[in-house]
Amino acid sequence: MGLYLKLAFGNVRRSACDYSVYFATLGFAACLLYSFVASSDYLNRLDLSPDQMGVVASSGDILQAFSIFTVLVFLFLVRYANRFLLRRRSREFALYKLVGMDRGAVSCVLVMETACVGVLALALGVLLGVALSPAFGAITAFVFDVPWRPMVVFSSQSAVWTSGCFAAVFALNAYDGARNIGRRPLIELIAAERAPEEVASTGGRLARGVQVAVAAVLLAVVWGACVFQPVYFIAFIIPMGFAACFATALVARIVVTGWAARARRRTERYWWGLRAFTVRQVEARVASSSMALACVCVLIAVSVCMMVAGFAFSVGMRTPELVSQGLATSMAPIGFIGIFYGSVFLLSAVAVLSLQQLSGAADARHAYASLTKLGCERADMALSVRKQVLLCFAAPFAGAMVHDVFGLFLVAFLAFALGTSGFFAITGGVLLFTAALLAVYGVLTSLAVEHLCLADA
């Protein structure tokens, strides 16, 4: 056991570059989860009125319940990062098997490595959350419209809650990783980094017609309930979200397949430069990861609606009339939940999108090396990379805006019914922030993907 632990620590040190994505993801999750649960402690340190204290006390259980959804989102995010990491290091695990380590020993090393990174990321995330507590306290005070003074806050209860959630996330991902490595044959592990992900076909004309019909029905139900039956939409928000993800994945595959078919019919343009290669890369990427892209699209749509609702039900309700009625104070917890969860979902969405592009870059590196041997210019290959990343960032954002046409209709209905002011300015600001964040992530991801794909060029 001591030998395995030493090997695990050595692997973490040597694989600092590969583990940086996984480590940053876990640290990011720990910081936000701790800060969200500790928000009530920030408020308890502020000068609140008795009525405001009553609102904070009544919202504590709500915040605790909503934090469970944050754990589920980060579980998906960390699992995606974990799969990316395992794919990058599959040849290393194959080498362990070649030198005589059995399946249990390899799984034990992997679990120890994951535990090492997880504990370090958890400690760093909680410490970062404590260090940033004055900033999170300022945000909390701003949403609740109470006086703020800078102070460092440590919440032992929130730290214990965050540690428990991380232990559950770590256990699930460690089991998934060990099972994934243990059941795969040696030859598959050796070739895993070179083998592209399996591409599923959309089928013939009849199959595509059925998929279009299913997507149309699901979207009609989701959008129709959002506009005409908002109470039922809110009551069944989770199944509605799954239906929107599934329908969006179907639409993405069908649209990309049609776009690729139309591009191939224009033979002169299709065979110009690396257009044929770019089209094929985008088609394969969407076909193999349509559900991940659909989840990103829906997460962006939900985050925009939640942030707009959060600001509308906090900042937008600070009119003298609503303040005198006490409505602004009573809606503050909803505003805080909307702003925090919206930002968490948005950051999670762009993180998943970046990881998905980096994973695809690892698969495409050998293809670009082959293009180099065929005499392709590096500038042409770099342009192809930038086009692919741009499209994979722009398409989920465009799809999210379509969903938000209906989602923001519901938010606007509730906001105007409560007398919110400045709704359109709030909406415009949130949309600009979302677009800017996606643009920054897109540029950074494009540079990273270009460096990874063209490393051998």
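A few notes on this one:
- Contour minus Cα-Cα distance for Ile234 and Phe142 (0.36 nm per residue): 30.5 nm
- Within the accessible area of the stretch 315-457 (1.4 Å probe), percent carbon and sulfur: 73
- The trypsin sites (Lys or Arg not before Pro) of the stretch 264-363 that meet both conditions, a loop assignment by DSSP and at most 11 other Cβ atoms within 10 Å of the site Cβ, are Arg266.
- Here Ser421 and Arg149 are evaluated by their C-beta separation; at R0 = 25 Å the FRET efficiency comes out at 0.35.
- Heavy-atom accessible area order for Ile337, Ile139, largest first, 1.4 Å probe: Ile139, Ile337
- Calculated FRET efficiency for the pair Ala213/Arg79, C-beta based, R₀ 35 Å, to 0.05: 0.65
- An ellipsoid equivalent to the stretch 199-328, defined through the eigenvalues of its Cα gyration tensor, has semi-axes of 41, 19, 11 Å when rounded to whole angstrom and sorted largest first.
- Under the simplified labelling scheme, the Trp272-Asp102 pair shows an inter-label distance of 6.2 nm, with each label point 7 Å from Cα along Cα→Cβ.
- Length gained on full extension, Arg378 to Arg205, computed as 0.36 nm times the residue gap minus the Cα-Cα distance: 58.4 nm.
- Gyration tensor (alpha-carbon) shape descriptor, the stretch 377-416, a/c threshold 1.5: prolate
- With the whole protein complex present, His451 retains an accessible surface near 140 Å², based on a 1.4 Å probe.
- Positive contributions from Lys and Arg (+1) and negative ones from Asp and Glu (-1), summed over other residues with Cβ under 14 Å from the Cβ of Val130, come out at 0.
- Probe 1.4 Å, protein heavy atoms only - accessible area per residue of the stretch 260-410 in square angstrom: 40
- Taken along the Cα-to-beta-carbon direction at a fixed 7 Å, the label points for Ser156 and Ala171 span 2.4 nm.
- Label-to-label distance, nm, for residues given as Ala398 and Lys6 (7 Å Cα→Cβ offset): 5.7
- Theoretical gain in end-to-end length, Val405 to Ala367 [0.36 nm per residue, Cα-Cα removed]: 9.7 nm
The values are calculated or read from the model by the stated rules, or taken from the named source; none is laboratory data. Treat the numbers as computed from the prediction; the structure is a model and nothing was measured. A quick note on method: Cβ atoms are made from the backbone with ideal geometry, for glycine too, and the neighbour counts reach across all protein chains shown. Heavy atoms of the whole protein, side chains included, go into the accessibility calculation; ligands, DNA and RNA do not. Shrake-Rupley method; radii C 1.70, N 1.55, O 1.52, S 1.80 Å.
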